[in-house]
Structure formats: structure tokens, C-alpha cells
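Below: one structure, written as C-alpha cells.
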Amino acid sequence: MRTTATAPAAPRAGKRRWRRAFIPLLLIGAVGGAVVYLFREDVQDAWALSRFRRAAAASDPSLPEHRDRLRERLFRTEDNLDQAVPLAADPDSKVRAAVVGLLLADQPKVRKQDAVEGLHAAVRMAAWRTRVGEAVERLLQDPDPVVRHTALRAVSELDWADQFRTQLTDAMENGSPADRLVVAEYVAHWNGPLLAEVVGDANQAADVRITAMRGLDTYGDRGVASNRGELREALEAALRSPDPDVQKAAIPALRYAQRGPDVWLDVLCEDRRRDLHSLAFRAWIDSLGRGSAMTWSDSHDAWYRSTSIAVRCGVATHALCEGAKLQILALETEPAIPEGAAIADRDGPAGRAFNTQLARLGNVLSIASAARWYCNTFEKPPELVGRLPHETPAGSAPPRRAMKAYLFREAKPVWEWCLSRKDGYPTRFLTTNTIVRNYGHRPAPDPIPVRPLGAVMDDLLVGPSEFDKLRSEYDGR
């Protein structure tokens, strides 16, 4: 009896089961792929964040590259940066320190900002996401000093550092010595009143006070524009410090303070301050040479109040005349700007250069005006006995000099330059009332025509005849 073999059914059933399983898997894969495709940017962001975190935790030298790539991704839209906020609470302090630069990467850094004459300091504001701002606040008070200092430094050097005024002020007032030193480096640009407090506080560490004062040269005086009187008082307190380095830092900082020349003059007229005399003269004359309108005005005030005190008058005269020589050097070095070119470019480079030129000419003319007034007004001026701080000792006996003769000789080179340029600088905008200070004048024509420097000198009563008269009386005596 033959039997017929039949093929087993199991493999076919297995194929059917595999097909039934494959189709759902295929659908799941397709859906997953679609999801990944749709959210591919988020996935790549998460991956970039992960690589950044690993690089920070491992102190990887390529961390800046990871940060830059992550920055490009997160700054595509305004809210993407929120993805980095959790890193500000990471258990690893190296990660927290690294995320500071990422969170602040798109914020503008401070530039040196000098005050505009007549304007006060202004608070600068910036757009700031709430979550990011809160994260930065936490980093500013992080228990790890490296993280905290990284955040304090990064925030302080931003243009709008005053946005975190509360946290930065707290660090200065209650932080560790290292915290205070970090904030002191930048305080000049965002908090003028706090700067004055720090500088004038005898309980502050010397390096903190010195760093705060030097910040004025780095970041300009816009931050102290509205409290220059308080700054002067603080610098006077610094000059009373027993630390010579604190005293030396205060001397150049006085050019940002109201009535700084009064303090320079006090220092220069005190024998016990001899170690500061050279520095004070350099700082005073340099500020005059830069053409600071405040320093020129305050210097004339200091000189005028000192005219009956021979040594103080002699010191102030020397500083003003040396400053005028630097103004002359600047006028000779730079091309003269015609009035017509300045009018045509009122708000441009030519207009600004013309205004600077007018100010320099006025500063120089004020020296001739002061010399003429002094020599013609004082009948019995005090005699100048002894050497002034800037004079090199010569001989054994202290010199005795007539004050008028000394003052005329100091002013003579400046006055002579004015006379040599009497046919130059024609303009209607330079008058006896527009120069920094005049000590007597005759009425100017109305309206004022375009006229050379010599016509303004005639109005100031400092023309050639007056110069020759005083030269015959006082030159060489």
C-alpha cells in the first residue's frame, strides 16, 4: 500500500505570522521615523547639549567648539535658550561655570563710555528671558567660588550690568574679598554711587579700592557723571589712606571728579606729599592737555581762588600754562578746520573736529586773559619765596621772585603763540563769551562777523600792544 507524503504546513504558518508581525513593526518604524524627522531639530539640540555637558565635565580642550556649535543651534529662536537653563543647576560645578558664557553669549559687552558734557549717567536696559535671568541670578550666588566668580565677571562686563544691580551690589557689600575684587573691576561703568562708596571706605581692602579707581580709565566716566562731588570726597578719603598704593591710585582718578584741581593743588602744596608731587602734576597737566572742559573750568576756579597765596598761585599757573602748551601742540598737529566745512558737516567728523578746535583755542586764549588781568589788577601781589614742586633745586638759598614776573614768564610762550596765529582760524563762533574763562573784555560787534583769532584777542584786551607793555615791565625780572 503506497502512501503519499504531504509538505508540512508549519513553515507557511510561520511566514504568515512573520508577515503579521512585520507590518506593525514597519508602521511603528515609519511613524517613529516621521516623528524623528518632524522633531529632528529638538533631537539635535538635545544631542548638542549632551556633548557640551560632557565636554565641560571632562574639561575637554574642545569645549569652546562645542559651545559655539550649541550656541548656533540654541539662538535660532528666542525661546531655544531655555533648553540650556537646567545646566545652571547641574551637580557638576564645571558644567555650571561653562554654561555662564552660553547663557550670556548674545548680550552686548561694555565699551568705554565717557560722559557727554552736561549729561548724567543713564541706566541701560536689555531684553531678558525670565528663565534665563533667574538662572543667571542663581549662578551669581553659586556656592562654588569658581562658578560664582565666572558669573560675576561675565555679568559685570556686559553693557547692561545694572540689570543685576541687586546681586552685584550684594556681592560687593557682603561677598568674600575675592567676590568684591571681581565686582570692583567693573563697577565704574554701571554704578557710580557704589564706586564712590567703595573708594571712600577705609574698611575695604586696598586692592579692591585700587581696582575700582582704575576702572574709570578702562570704562570711562559715564557712570560717575551725576555724582562727581561724591567721587571727589571719596578720593580725598583714599588720599588719607595709610597705603601708598591707594594714594597713588587716587591721584589720576581725580580728573573724573568735580573740583579735582583743588585736590591736586592741595597735594602739590604739602611738603609731606612730596612722593605724590610728580604724579599729581602729570595727572593735572595731562587732563588739561586732553581738553577736559571740566578740568579747565575747575582749574581756573582753583587758580582764581589762589591769586593771593603765592605758592598756590604759582603751582596753578604752571599747570594751566603747561596744559595750554599741550593744547597748542594738538592745534599744530591737526589740520585747521574751516568754518564752512564744519557747517556743511555739522554732525559729522568735520563738525566735531571744529568744535574741538574752538575749545582748544578758547583754552589757550584764557591763559593770556588771566595773565593780563593779574598783572594789571594786583597792586601788591605776594612775593614768591622758595622753589615750587616742579622746579629742580639749584643753589643753596631759596629764590625770591616777583609774582607778576613769574606769572608773565609762564604765560609768555602761550601768549606769543596766539599772537603768531592772529591772522588764522577765522570764524564767527569764537568769542569772549565762548571761551572757557575770560578775565575782562570789551564789547564784541553785533552781529559777530567771520574774523581771525587776532580780533578775538583784541576783544579780550590781549593784543600785541598789551603784550609788549607787560613784557617791558615784567619779562626778565
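No value in this document is a laboratory result; all are computed from the given coordinates. Please read these numbers as outputs of a predicted model, since none were measured by experiment. Here the Cβ positions follow ideal geometry from the backbone for every residue, glycine too, while neighbour counts run over all protein chains shown.
What the Cβ-Cβ distance of Ala397 and Arg471 gives, at R0 = 30 Å and to the nearest 0.05, is a FRET efficiency of 0.65. Each residue, Asp301 and Arg214, gets one label point 7 Å from its Cα in the Cβ direction; the gap between the two is 3.0 nm. By the count of other C-beta atoms within 10 Å, a proxy for reagent exposure, Tyr425, Tyr304 are ordered fewest to most as Tyr304, Tyr425.
Compared with the direct C-alpha span, the chain from Asp207 to Lys112 gains 32.0 nm at full extension, assuming 0.36 nm per residue. The convex hull of the Cα atoms of segment 181-269, projected and averaged over all directions, covers 4.8 nm². Within the straight-line cut-off of under 29 Å between alpha carbons, the lysines reachable from Lys94 are Lys109, sequence neighbours fewer than 8 places apart in one chain being disregarded. Listed cross-link partners Lys380/Lys412; Lys112/Lys422; Lys112/Lys248; Lys248/Lys422; Lys248/Lys412 are compared with a 30 Å cut-off, the Cα-Cα value being larger for Lys112/Lys422; Lys248/Lys422; Lys248/Lys412. When each of Leu419, Leu331 is scored by the number of other beta-carbon atoms lying within 10 Å, the sequence from fewest to most is Leu419, Leu331. Helices in the chain, meaning DSSP H runs of at least 4 residues, each add -39500 (n - 2.57). Divided by all residues, the mean residue ellipticity at 222 nm is -19500 deg cm²/dmol.
Between the alpha-carbon centres of segment 346-366 and segment 406-477 there is a gap of 17 Å.
Using the Cβ of His66 as centre and a radius below 10 Å, the other residues enclosed give a net charge of +3, where K and R count +1 and D and E count -1. Of all aspartates and glutamates in the structure, those lying under 15 Å Cα to Cα from Lys325, and not within fewer than 8 positions of it along the same chain, are Asp286, Glu334, Glu410, Glu416. Helix 130-140 axis versus longest C-alpha principal axis of the chain: approximately 70°, rounded to the nearest ten.
With respect to the chain, whose longest principal axis is taken over its alpha-carbon atoms, helix 10-38 is tilted by about 10°. Summarising the amide proton neighbourhood of Thr427: residues at separation of 5 or more, or on other chains, whose placed amide H is nearer than 5 Å comprise Arg451. Derived scalar couplings between HN and Hα for segment 447-456 equal x, 7, x, 5, 8, x, 4, x, 5, 5 Hz in order, rounded to whole Hz, by the Karplus curve 6.51 cos²θ - 1.76 cosθ + 1.60 (θ = phi - 60°), x for Gly and Pro.
Is segment 360-446 best put as rounded, prolate or oblate by its Cα gyration tensor, with a ≥ b ≥ c the root eigenvalues, rounded for a/c under 1.5, and otherwise prolate when a/b is larger than b/c, oblate when not?
Because a/c hits 1.5 or more and a/b exceeds b/c, segment 360-446 counts as prolate.
Multiplying the residue separation of Thr166 and Arg54 by 0.36 nm and subtracting their alpha-carbon distance yields 37.0 nm.
Just want the ordering: Thr295, Thr432, from fewest to most Cβ atoms lying within 10 Å of their own Cβ. Walk me through the numbers on the way to the answer.
Working: Thr295 29, Thr432 19.
By the 10 Å Cβ count, ascending: Thr432, Thr295.
Between 0 and 90 degrees, the angle of helix 244-253 with respect to the longest Cα principal axis of the chain falls at about 80 degrees. Using C-alpha pairs below 8 Å separated by at least 6 residues, the relative contact order for segment 137-275 is 18 percent.
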